[in-house]
Amino acid sequence: MSLSLKDHRVNRTADRGPESGKPLQHTSRRGSQRGGSSIDVQRKKLLVPFVGPAFVLYTVLFIVPALGAVWISLHKWAGSGPMKFVGLDNYGRIFRDQLFISSFGNTLLLLFVVGAAIFILAFALTLVLRDMAGKKIARNVIFFPHLINALVFGVLAGFIFNPGGMVNSLLAPLGVTDPPKWLAQDNIFPLIMVTLVCTTTGYFTTILMAGVDRIPPYYYEDCALAGATAFQRLRYVILPLTWDVFGTCAVLWTISSVKIFEIVWVFGGSSGAGVPPTQSWTAAVYTYVNAFSGQSTPAYGAATASAVLSLALISVLVVLLRRAMRRDAVEF
Amino acid sequence: MGKPARHLRSLAALMGVALALTTTACGGATDASTMADTVDISGSISGQTINYWSMWKDGEPQQKVIAAAIADFEKETGAKVSVQWQGRSNSEKLVPALNTNNVPDLVDGTLAKLAPVIGETGQASPLTSVYSYKVDDTSISEVIPQKFTSNGAFKGEDGQPWMVPYSVSSDGIWFDAAKHPELKDKPPATWDEFINVLDKLKASGTAPIAADGDIAGYNATWFVTSLLRLKGAGSFKALVEDKSGDAWDAPEVLEAARKVENLVKGGYLNSGYNASKFPAQQQLWANGDAALMLNGSWTPTETGSYAVPGFEYSSFQFPAMSDKPASARVDFIGFAVPAKSKNQVPAQRLAAFMLNSKYQNALGTEAKVLPVRPDAPVAAAVESVKAAIDAAPATHLQNDGVTFPGYMEKVFFPKDDELFLGKSTADEFVGKMKAAQIQYWKDNG
C-alpha cells in the first residue's frame, strides 16, 4: 500500500520535472529501498549497538515503571501486601474527589497563569537586557534564584511573612497596625505563585537571551535604516527568529510546572510536621499524600492513578503546544 | 513495509530483552503476604547476624542509648548487629523493600507510622515469643503496663502482637512553672476551670494559648481529645467508622466542636496563630509571649534550645468534661520484625533486650524521653506527663488510632482546620463532616 502510494508520488514529481520520463530514476529509487546504499546498510548495522544500550536503559528505567504504574493504578494496594484488582475504580474516585479537582485546578493555574507571567517578564527582560551595559552581570543576577533550592524559599517565607516577621515589622512604623494575614491558608497558594514567577523568570530569560543573541546585528541595522519602530523590530525580526527557542521553553515549562511539588510542600505544613493545607495542593502533592503521607494507610492505587492522569495531561499539552507553535524554522 | 518498520522490529526485540531483565529483577515480588509463625527465641544466637534499620540518626540521644544496648547485646549473645541509622524516613524506605526478598530483620518507628506500612498489611512477624520472654526475671508482657496492651493496639489480623514498644510519647498542656507556679500547684481539672484560667490570663494581658495553626495534626488534637473526654476512648474511631454518617448527629460531637469554637471565639488563641508558619508560635510560647500550649511530650526537647533562661517545663492533662474517665494519650515507639526476615530469632531477641531496665532507665534519664517501663525514672521536664500517664485509667492513640487511607488528610484535617482557624462554626463543621464522611465511605467502602 505504502509502496504504491510512493510510486505514484515519485511518478508525479518525475512528470513535472524537466528530466521526466527517465525510467532509470524510478527503478533506482525502488532499488535503494530493497538493498539500500552502502551508507544505509552501515547505518542499519550501527543502529543496534548505538541506540541499543540507551534504549534498554530507557525502557528499564522509564517505560517499564510507567507501565507498572498503570498496572498498579488498576488496584487497591497499600504498597506491600495483597493487591486487589478494582479496574478503573481509582480513576472514577479521583474524578469524583473535589480535592483532586481543586489540586488539578492549581496545577493548571501554575501552568497557564504563572507560565504567562514568566514568559511576558522573561521576554521583556530579554529586550531590556539586550542593549544594557553590564548585561552579563545582570543575566547572572536574575538567573541566581533558580539555583537556590526551593526549601530555602519555604523557610524564608516564615521569616518574612510570619505575624512577627520582616514584612509586618517594616509595616508597623508606617502605621499599619492590622496587616493582612499573609500566611493564612487561602493566601499560601498565591504566595507560591509569586515565588515561582520570581525564581523561574531568570532561567527562561537566560535561554531566550541565548536565542536573541544569535540574531546577526545586520538585521537590526536594516531595521534602523528602514526606520522600523521598536515594536516592528520585535514583531518582524526578534519574534520570528527566536520562535523555535520560545517553543522549546514553553514545552520545558509545561513539563516542569505539572511536577511542581517541593515548594508547595515546604510553604505549608512545614518541616515534615504535617501536610500542607489542601488549598495549596497541586496534582503532584495530591499524588504524594495518597501514597506517602505517613498518617494513614498508603493508597498506591489512587496515587498512581493521579500520576498517570498527570502524565496524560503533560503528553496532551505538549502535543498541542508543539502544534500551536509549529512554524517553519527560519534559517539564518 | 518501509525502513522505519524494520527499525521498529529491532527496537521491539530490544524492548523484549529489557522487559525480561526487569521482570527477573523483581522476581517473587508479588507473593507478599506470607503469614509467619511464632518462633522459639530462647536458643543460642551466637554467630548470627541481623540487619537493623533504625528510625534514629547518628548522634540523637535515643540513638546513643540504642547503640550502647546493641554493643552489650553483641557481647552477651555473640550475635552481630549491622545497623543503618536511617532516620524517620526508614518506614517509607521499608515499603518498597517489603516487595523484595531483601528486607531488614528489624525496624523501629512510631506505631502510627509502622501500623499502616507493616502491621495492617500482614507483613510483620507475630512477636508473641518476645512478650513471654523474660528480662530482669520478668516476662515482657508484665513489664509493659496492661493498659497499653489491653486495647489491642499492637495486634494484627491474626490476633498476635506484631510490635514491641520500648518508648512512649504523650501530650499535655504545657506551661512555664517558674512563671505560673499556681498552675503547677492546682492545675485546672475541668473544662470550666480551664476557661477560668484562660480568662484570668487574658485579663492579665498574657496571650493564653499559643498554637501553630498550620499543623493540622496539632489543631485536630483539640477536637479529638474533647470528644474522647465526652464519649470515652475509642469514640472518635467509632465516629469515623460510621458509614451512614449518622454518628455525627450525636450531641457530644456537636458539644466537642462547640468547645473548640469557644476557644476561637473567646479570643484565647494568640493572635496570628491562623497565619503563621511552624515553629513560630511555639518559639513565641517558649519565649514567654503566651502561657499555654497543647503539644507532645517532646516539647521540652524540641523547644529547649530557644526557651528563655529559667524556663521550667511542666504540663497538665487536657481537662475533663464529663464523668467519663479521662484517658491519657499514649503513642508508641517500638520494634517490628518483617515476616520475610530470615533471622527471626536474633531480631526478636534484640527487640526484647531493649526492655532491660538498664536501657529503659537510660532512655528516661539520658535521652530524656518516656520509657515504656513504668518503673524507669524520667527527666524532670517530663515528670508531669509521666505522672498523668501513670494515673490515667485508660490510654488512647493519636487521632484515636484512625488510619483509614486518606481520611485524616483529605476529609478530617481540612474541615477541622476551618473550625480551629475560625472559618466555620461548630454547626457548620458537623454538617460538613457528616456529608464528607458519607461520601468518603461511598468511595472507600
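Within the range A:38-103, which helices (runs of 4 or more DSSP H) (wholly inside it) include 1 or more residues that are free of Cβ contacts under 8 Å to residues at least 40 places away in the same chain and within 25 Å of B:ILE118 (Cβ to Cβ)?
Passing ranges, in order: A:64-72.
Scan the range B:199-218 residue by residue and report those that are within 11 Å of another protein chain (Cβ to nearest Cβ) and small (Gly, Ala, Ser).
The answer is B:GLY213, B:ALA216, B:GLY217.
From the list A:ASP186, A:ASP178, which residue is surrounded by fewer than 15 Cβ atoms within 10 Å (Cβ to Cβ), among the acidic types (Asp, Glu) and in contact (Cβ under 8 Å) with a residue 12 or more places away in the chain?
Every option except A:ASP186 fails the conditions.
Among B:GLU418, B:GLU383, B:GLU409, which is the only one that is assigned by TED's automatic domain parsing to the domain that holds B:VAL253 and surrounded by fewer than 19 Cβ atoms within 10 Å (Cβ to Cβ)?
None of the others qualify; the one that does is B:GLU418.
Within the range A:195-233, how many residues are assigned to a loop (DSSP other than H, G, I, E, B) and basic (Lys, Arg)?
1
Out of the residues in the range B:120-148 that are crowded, with 22+ Cβ neighbours inside 10 Å and within 20 Å of B:SER341 (Cα to Cα), state the one that is farthest from the other protein chains (Cβ to nearest Cβ).
B:VAL130
For (1) without any contact (Cβ under 8 Å) to a residue 40 or more places away in the chain; (2) charged (D, E, K, R); (3) away from chain A (no Cβ under 14 Å), each residue gets a yes or a no:
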position	(1), (2), (3)
B:PRO251	yes, no, yes
B:ALA275	no, no, no
B:LEU292	no, no, yes
B:SER314	no, no, yes
B:PRO319	no, no, yes
B:ARG329	no, yes, yes
B:PHE332	no, no, yes
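I'd like to check which helices (runs of 4 or more DSSP H) are fully inside the range B:334-445 and have at least 2 residues that are in contact (Cβ under 8 Å) with a residue 24 or more places away in the chain and of a type in the set (Val, Ile, Thr).
Because the criterion is at least 2 residues that are in contact (Cβ under 8 Å) with a residue 24 or more places away in the chain and of a type in the set (Val, Ile, Thr), the helices (runs of 4 or more DSSP H) in the range B:334-445 that meet it are B:383-391, B:426-444.
Look at A:VAL155 and say whether it is assigned to a helix (DSSP H, G or I), more than 27 Å from A:ALA307 (Cβ to Cβ) and more than 14 Å from chain B (Cβ to nearest Cβ).
The answer is no for A:VAL155.
State whether one or more residues within the range B:268-288 are charged (D, E, K, R), surrounded by fewer than 23 Cβ atoms within 10 Å (Cβ to Cβ) and either out of contact with any strand residue (DSSP E or B) (no Cβ under 8 Å at 6 or more places or on another chain) or not in a helix (DSSP H, G or I) (or both).
no
Of the conditions (1) touching a residue at least 24 places away in the same chain (Cβ under 8 Å); (2) closer than 18 Å to A:GLY81 by Cα; (3) not in a loop (DSSP other than H, G, I, E, B), B:PRO96 fails just one. Which one is it?
The failed condition is (1).
Can you work out which of the residues in the range A:77-99 that are more than 9 Å from chain B (Cβ to nearest Cβ) and surrounded by 22 or more Cβ atoms within 10 Å (Cβ to Cβ) is nearest to B:LYS415 (Cα to Cα)?
A:ILE94
I'm checking my understanding of the structure. Among residues of the range B:331-348 that are at pLDDT 95 or above and aliphatic (A, V, I, L, M), which one is surrounded by the fewest Cβ atoms within 10 Å (Cβ to Cβ)?
Going through the qualifying residues, I end up with B:VAL345.
Take A:GLY227 and decide whether it is surrounded by 15 or more Cβ atoms within 10 Å (Cβ to Cβ) and either within 14 Å of chain B (Cβ to nearest Cβ) or not aliphatic (A, V, I, L, M) (or both).
For A:GLY227, the condition - surrounded by 15 or more Cβ atoms within 10 Å (Cβ to Cβ) and either within 14 Å of chain B (Cβ to nearest Cβ) or not aliphatic (A, V, I, L, M) (or both) - is not met.
Can you tell me which residue among A:PRO276, A:PRO298 is outside any helix (DSSP H, G or I), within 14 Å of another protein chain (Cβ to nearest Cβ), in contact (Cβ under 8 Å) with a residue 60 or more places away in the chain and over 21 Å from B:PRO96 (Cα atoms)?
Unique residue meeting the criteria: A:PRO276.
Are there any pairs with C-beta distances below 6 angstrom linking a residue in the range B:133-158 that is at negative phi and touching a residue at least 60 places away in the same chain (Cβ under 8 Å) to a residue that is outside any strand (DSSP E or B) and of a type in the set (S, T, N, Q), with the two at least 6 apart or on different chains, and if so which?
Partner pairs satisfying both residue conditions: B:VAL135/B:ASN356.
Has the range A:282-293 got any residue that is assigned to a loop (DSSP other than H, G, I, E, B), out of contact with any Leu (no Cβ under 8 Å at 6 or more places or on another chain) and free of Cβ contacts under 8 Å to residues at least 40 places away in the same chain?
yes
Output the residue which, of all residues in the range B:149-169 that are within 14 Å of chain A (Cβ to nearest Cβ) and surrounded by fewer than 17 Cβ atoms within 10 Å (Cβ to Cβ), is farthest from B:VAL95 (Cα to Cα).
Per the stated criteria, the residue is B:ASP158.
The values are calculated or read from the model by the stated rules, or taken from the named source; none is laboratory data. Bear in mind that the values here come from a model prediction, so they are computed numbers and not experimental data. Note: ideal-geometry Cβ built from the backbone for every residue, glycine included; neighbour counts use all protein chains shown.
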